[in-house]
Amino acid sequence: MKPLRSGDPFDALGDPNRRAIVERLKTRPQSVAEIAESLPISRPAVSRHLRLLKNAGLVVDSADGTKRLYRLHPDGAEAMREFVRSVWGDALTRYRLVAENTSTRGRDRKR
């Protein structure tokens, strides 16, 4: 299941409070109240941060009686992984080719 995204996951994780929320959700789903209890910010602030994380496709929510539980989206970091892989994958491939060619040239000169 692909996350529905309208926000940028890198921007969403740019805030320390949102990173702290993601850290808390890595172990189990939690309600806004549970998250707010463990952070020095208000429940409305936690709700705003969760909305941004949800828009970025990093968290999902579900109803649990009268409250909503938030959890990490299983595929939430895929867009970020793909971006990093596309940038660093190409760069590392080029680096490896240069290193191998340089290494081969050095051996040829020693012969």
Listed residue (Trp88, Asn17, Ser42) projecting farthest to the positive dipole end of the chain, Cβ model: Trp88
Kirkwood Rh, angstrom, the range 1-85 [1 / mean 1/r, Cα pairs]: 12.8
Amide H within-cut-off set for Asp15, under 5 Å, with H built and near neighbours excluded: none
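Please order Arg94, Arg43, Arg24 by the number of other Cβ within 10 Å, starting at the fewest. Present the calculation step by step, with values, prior to reporting the outcome.
Values: Arg94 10, Arg43 14, Arg24 17.
Ranked by crowding around the Cβ, least crowded first: Arg94, Arg43, Arg24.
Hey, got the dipole for the range 1-69? About the Cα centre, +1 on K and R Cβ, -1 on D and E Cβ, debye to the nearest 20?
On the way: 13 positive and 8 negative charges, 26 e Å.
Result for the range 1-69 is approximately 120 debye, rounded to the nearest 20.
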Per-residue HN-Hα couplings for the range 75-91 [Karplus 6.51, -1.76, 1.60; θ = phi - 60°; Hz; x = Gly/Pro]: 9, x, 8, 4, 4, 5, 4, 4, 4, 4, 4, 5, 6, 6, x, 5, 5
Efficiency of FRET between Glu37 and Asp75 - r from beta-carbon atoms, R0 35 angstrom, step 0.05: 0.80
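Here, each number is a calculation from the coordinates, and none is a lab measurement. Predicted model only: the values in this text are computed from it and were never measured. In this analysis, Cβ positions are derived from the backbone assuming ideal geometry, glycine residues included, and neighbour counts consider all displayed protein chains.
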